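Beneath this line is the structure, given in structure tokens, with notes to follow.
Derivation of every value follows stated rules applied to the coordinates shown; laboratory data play no part. These numbers were taken from a predicted model, which means no experiment stands behind them. Note that each Cβ is placed from the backbone with ideal geometry, even for glycine, and that neighbours are counted across all protein chains shown.
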């Protein structure tokens with residue numbers, strides 16, 4: 001996947017959706033800007049999983065969620081890839 005790629009999946013009952021946004025290789029502020037664009041097109045409660053390599057991304061997404069009201073469910077790092085899981089505000 002490239003910085004523009006998203007992948008969406010509905011859960012078993014089709015009422016919520018999860019999306020993966022791959023912004024690896026992009027630097028601040030692009031990961032947050034791309035996530036914001038995706039979140040605007042999603043429904044309340046939908047999940048967004050962001051993959052990023054920018055070391056500033058975890059803190060950027062904390063600030064993004066505090067500002068927008070979205071919920072940061074998880075933030076972790078493995079092998080230089082930061083994974084942030086967000087839930088769109090209801």
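Beta carbons closer than 8 Å, at least 6 apart along the sequence or on distinct chains, pair a first residue in the range 25-37 that is on the phi < 0 side of the Ramachandran plot with a second that is surrounded by fewer than 14 Cβ atoms within 10 Å (Cβ to Cβ) and assigned to a loop (DSSP other than H, G, I, E, B) for 34/4.
Of the set (1) over 21 Å from residue 24 (Cα atoms); (2) in contact with a strand residue (DSSP E or B) (Cβ under 8 Å, 6 or more places away or on another chain), all apply to residue 54 but (1).
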